[in-house]
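Take a look at the structure set out below.
The values are calculated or read from the model by the stated rules, or taken from the named source; none is laboratory data. Keep in mind that this is a model prediction, so the values were computed, not measured. In this analysis, Cβ positions are derived from the backbone assuming ideal geometry, glycine residues included, and neighbour counts consider all displayed protein chains. Calculation scope for accessible area: heavy atoms of the full protein, side chains included, ligands and nucleic acids excluded. Shrake-Rupley method; radii C 1.70, N 1.55, O 1.52, S 1.80 Å.
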Amino acid sequence: MQLIFEKSQPGRRAIRWDTLDVPEKKLPADLCRAEAAALPEMAEIDVVRHFTHLSQRNVGIDDTFYPLGSCTMKYNPKVAETVAALPGMARLHPHLSTSTAYNGNVQGAYELIYELERELAEIAGMQAASIQPIAGAHGELTGTLLMAAYHRDRGNTHKDTIIVPDSAHGTNPASANIAGFKVVEIASNAQGLTDLDGFKAALNENTAGIMMTCPNTHGLFEKDIAEIAKLCHEVDALLYYDGANLNAIMGECRPGDLGFDVMHYNLHKTFATPHGMGGPGCGPVGVGKRLLPYLPGPRVVKKDGGFALETPEKSIGRMAAFFGNYLIAVRAYAYLRHYGGEGLHDVSRKAVLNANYIFARLKDAFEPAFDGRFMHECVFTASKQAEGGVRAMDFAKALLDEGYHAPTVYFPLTVPECLMIEPTETESKETLDAFCDTMLKLAERAKTDPESFKEAPKTTSVSRLDEVKAAKDLNCACL
Amino acid sequence: MGSWIPATERDTAEMLAVIGVKSIDDLFASIPETLRPKSWNLPPGKSEMAVRNEIERLAEKNVPGQLCFLGGGYYDHYVPSAVDALSGRSEFYTAYTPYQPEISQGTLQSIYEYQSSICRLTQMEFANASLYDGGTAVFEAATMAVRCTGRKRIVLHESLNPRYVEMLRTHAAHLDLDFVSGDDPTDAACVMVQNPAFLGDVRDFTELGARCKAAGALLVVSFYPVSLGMVKTPGEMGADIAIAEGQSLGMYLGFGGPYLGIMATRKDYVRKMPGRIAGETTDKQGRRGFVLTLQAREQHIRRTKAMSNICSNQALCALRALIHMSLLGKEGFARLAAHCHSKAEYLKEKLTFAEILNQGPTFNEFAVRLPRPADEVVRALSDSGIIAGLPLESCGAGGPSDLLIAVTEKHSRAELDQFAAALENAACN
């Protein structure tokens, strides 16, 4: 497909300007750019067609089943878009929060933030939450900075190490590193769980904390979590909860009750805000009592019958210029309000039901990566099929031809030829059955005609792309 | 139960039978009873209609104002209808990261075109697929400069948005960096400047760029995208890294986000740049296609040794910026800048009762000293639907009577006259 720049015609315009109703002024020439930016010159309809055609080369949740494990691709309710577009939300200038003179202009926004943070804290058994972090990884960084502030404040200068299981998202060690910690990785055991002996061997006086998720990235509940928490707290180490999998346990258990001290939430996973091709997300941080004094500031508090801002005395400072991705938080608020406590509980139960149903239907055709009871996602290894020439990535590409998005492949790194399937609660039994039928058909074809997989995908706008060439030639811009 | 969960009781029963358990509770048996929720104090759910009513009521409590002169890095620009219509296509906004490039060419080509547009706008050689926002871009640029030079000193120029500096210090609190104020590049990883400055001044940092080069330091320029319809570009000034808050390119003010972090650099440093990058390649049949490239820099591969912990990008916001820039086009982008600048100059000349604090030229924003405390003045004007600007004492960038005023293409001459009269009335009477 042509690039937008290749469609440009000199003199063509999409936007009509009103006559400038004040005298035209220019900056001194030495402060001006020499020539205008070479942006495309197009009519509005050509811009519209260009991006419509691009959209047709994309696949979203509204198109098809999107079982990307760990990414929680659930349906994004339309009402969330409507409320985020309300002029009272979308047009609100963030600096209205900078001067108290404008406090009366933003009471609705403050009320929403206050209530959302309270409910997020309750859902996870935390004392408080802050919506400042802009994305999940930014929430992780905020959380690890909070851990660092806690230890610095207590004079724990020797505590310089964070333990991270090998199944963790890559953002965990990367975030801990920016917060100034060394990272010690510990191996999972054969059951796919954090190995208690390995953990004990890694834990010592220098341990600042551990970053885990529960259920973990293998989709399994960490049965020793209470013991891990107790041992951590005995040496004044903190437990960080990666909220990537919170959608599996709402109403069944809470990270705070499991012993976690700090966490982030992925509003774009658990609370169904659109993934937007990779962003914007929203990654609020939650804290238990140990880290409460260090939360990012300022915070919305109740004051004199209304809402105002206050910065905690020992706050780490600002993680965001204002309140993070506020309009994403508005969308999540709509989601929470629609479901309520009972509904959120049902969300997790049906997510786990759907994942276990897929597992039950596929477990004879694909080898389960672990023996335990999967929760919201199930993990298989295509190692046996790979011996016959059909690798996990080949299944992924074949699924594209069948009209599906592929599952997550090759993550977690602990499982060879990994296929990680997360259906979410928003898919019907018919959708799950059709997907499973397709997977079983592909498993059969892998035995009889492995070569056919190498040509997949054949029905997409492009076939497999040369990634080596992209890095070698490095053409990242049309200039 | 909820309307977004399709499972019927019959579905559930059939699925449980296939799984081989009696109830959904059995699927959660691995969670010990002692670890069950100690409380679950959440309100009951309600219909979509009731949810919408509640949030509309909250929205009505907010007062964005009929006329808004607040800026400070975030500007009330007009967003053409086609930006919403196109970025609102669900093939874009309900898609995830382009892990499967064959069904993500819409995402990948739009990122490539966005990167190209940013390079054309800034006259830099490479741009990434976007960062979170302008503030976090300052942090990412500082750590990138450290990687490029092996030095630890970050020089912060007075032109920088004080909010960005606060964020930078929070993010870098446990990195061994040395922050100094001024513009001396000696032994520095970088000198970070902003153009136009937080208080609106437009400068030429070409000479500073040359001094940075001589000292082995990088020049980092934080720019205001709309200003580049007129103002000398980071590329022309010899910037090594150009960063920006991209809100003005089609993002709503939205009380702080989602916005867009822009970053571009020179060829020499592209492999040290954080974030995703889309690159052009070909498929098996030789057709043009796009993929994420240079991924060996990123956290999912390098983990602890990654250049940044950034996982995603603000792809939907980058798409909005691309659509906005494409609609404006070459001439429209320059017209937008001309309108903003000319209208701001018109207002500036009208405010004869106030002292203009800027010594040199400004683009669309300037600081004034009023005869009365700025807080009192903005409160009075707010009551009549005018958001008069940012009292500078509130962000540590001025005295109690100082006000930062921004003008955009949205303001008509009549509205500027109305504002000037109302401000004079509130400030002088």
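Observations
- If the condition is being at the interface with chain B (Cβ under 7 Å from one of its Cβ atoms), within 26 Å of the chain's Cα centre (by Cα) and surrounded by 20 or more Cβ atoms within 10 Å (Cβ to Cβ), then the range A:96-118 contributes A:Ala109, A:Leu112.
- In the range B:409-426, the residues that are away from chain A (no Cβ under 12 Å) form Cβ pairs under 7 Å with partners that are among the hydroxyl-bearing types (Ser, Thr, Tyr) and open to solvent by 30 Å² or more (accessible area, probe 1.4 Å), at six or more places apart or across chains, as follows: B:Ala422/B:Ser384.
- Among residues of the range B:80-98 being more than 7 Å from chain A (Cβ to nearest Cβ) and over 16 Å from B:Ala318 (Cβ atoms), the one that is least open to solvent (accessible area, probe 1.4 Å) is B:Ala85.
- Number of the condition not met by B:Glu91 [criteria: (1) of a type outside the set (Lys, Arg); (2) in contact with a strand residue (DSSP E or B) (Cβ under 6 Å, 6 or more places away or on another chain); (3) touching a residue at least 60 places away in the same chain (Cβ under 8 Å)]: (3)
- Selection over the range B:1-28 of residues that are more than 7 Å from chain A (Cβ to nearest Cβ) and open to solvent by 80 Å² or more (accessible area, probe 1.4 Å) gives a count of 5.
- Taking helices (runs of 4 or more DSSP H) as the structural unit, those lying wholly within the range A:193-280 and holding at least 1 residues that are closer than 21 Å to A:Leu146 by Cβ and open to solvent by 10 Å² or more (accessible area, probe 1.4 Å) correspond to A:225-234, A:255-258.
- Being without any contact (Cβ under 8 Å) to a residue 12 or more places away in the chain and either within 13 Å of chain A (Cβ to nearest Cβ) or part of a loop (DSSP other than H, G, I, E, B) (or both) holds for only one residue in B:Glu207, B:Glu236, and it is B:Glu207.
- Within the range A:81-95, restricting attention to residues that are more than 7 Å from chain B (Cβ to nearest Cβ) and in a helix (DSSP H, G or I), the residue that is least open to solvent (accessible area, probe 1.4 Å) is A:Ala84.
- Of all residues in the range B:37-79, those satisfying the criterion of being open to solvent by 50 Å² or more (accessible area, probe 1.4 Å) and within 7 Å of another protein chain (Cβ to nearest Cβ) are B:Lys38, B:Trp40, B:Asn41, B:Pro44, B:Lys46, B:Glu48, B:Arg52, B:Glu56, B:Glu60, B:Lys61, B:Val63.
- Of all residues assigned to the range B:26-36, at least one qualifies as being within 25 Å of A:Tyr75 (Cα to Cα), assigned to a helix (DSSP H, G or I) and not hydroxyl-bearing (Ser, Thr, Tyr).
- A:Ala369 vs. criteria assigned by TED's automatic domain parsing to the domain that holds A:Phe221 and either within 23 Å of A:Gln191 (Cα to Cα) or buried (at least 24 other Cβ atoms within 10 Å of the Cβ) (or both): no
- Taking every residue in the range A:232-257 that is in contact (Cβ under 8 Å) with a residue 24 or more places away in the chain and pairing it with any residue that is basic (Lys, Arg), at least 6 positions away or on another chain, the pairs with Cβ-Cβ distances below 7 Å are A:Leu238/A:Arg290; A:Ala244/A:Lys269; A:Asn247/A:Lys269; A:Asp257/B:Lys38.
- Criterion violated by A:Ala351 - all others in (1) in contact (Cβ under 8 Å) with a residue 24 or more places away in the chain; (2) under 28 Å from A:Ala446 (Cα atoms); (3) of a type outside the set (D, E, K, R); (4) more than 7 Å from chain B (Cβ to nearest Cβ) satisfied: (2)
- Residue list for the range B:189-212, restricted to those being of a type in the set (Val, Ile, Thr) and out of contact with any helix residue (DSSP H, G or I) (no Cβ under 6 Å at 6 or more places or on another chain): B:Val193, B:Thr206
- Candidate set from the range B:99-112 (those that are within 8 Å of chain A (Cβ to nearest Cβ) and touching a Pro at 6+ places or on another chain (Cβ under 7 Å)); member that is surrounded by the fewest Cβ atoms within 10 Å (Cβ to Cβ): B:Glu102
- Checking the stated criteria, A:Leu291 turns out to be surrounded by 23 or more Cβ atoms within 10 Å (Cβ to Cβ) and more than 25 Å from A:Gly219 (Cα to Cα).
- Subset of the range A:64-80 (residues that are over 23 Å from A:Cys378 (Cα atoms) and at the interface with another protein chain (Cβ under 7 Å from one of its Cβ atoms)): A:Pro77, A:Val79
- In the condition set (1) surrounded by fewer than 20 Cβ atoms within 10 Å (Cβ to Cβ); (2) more than 10 Å from chain B (Cβ to nearest Cβ); (3) farther than 27 Å from A:Asn189 by Cα, A:Thr381 is compliant with all but (3).
- Residue in the range B:317-337 that is part of a helix (DSSP H, G or I), in contact with a His (Cβ under 8 Å, 6 or more places away or on another chain), within 7 Å of chain A (Cβ to nearest Cβ) and among the charged types (D, E, K, R) present: no
- Some residue of the range B:113-123 being assigned to a loop (DSSP other than H, G, I, E, B), of a type outside the set (S, T, N, Q), surrounded by 24 or more Cβ atoms within 10 Å (Cβ to Cβ) and touching a Pro at 6+ places or on another chain (Cβ under 9 Å): no
- Residue count for the range A:406-432, restricted to those that are part of a loop (DSSP other than H, G, I, E, B) and open to solvent by 30 Å² or more (accessible area, probe 1.4 Å): 5.
- Taking the range B:210-225 as the range and being closer than 23 Å to B:Gly261 by Cβ, outside any helix (DSSP H, G or I) and away from every other protein chain (no Cβ under 12 Å) as the test, the residues that pass are B:Ala217, B:Leu218, B:Leu219, B:Val220, B:Val221, B:Ser222, B:Tyr224.
- If the condition is being touching a helix residue (DSSP H, G or I) at 6+ places or on another chain (Cβ under 6 Å) and either assigned to a loop (DSSP other than H, G, I, E, B) or outside the structural domain of A:Gly278 (by TED's automatic domain parsing) (or both), then the range A:133-181 contributes A:Pro133, A:Lys159, A:Gly170, A:Ala179, A:Gly180.
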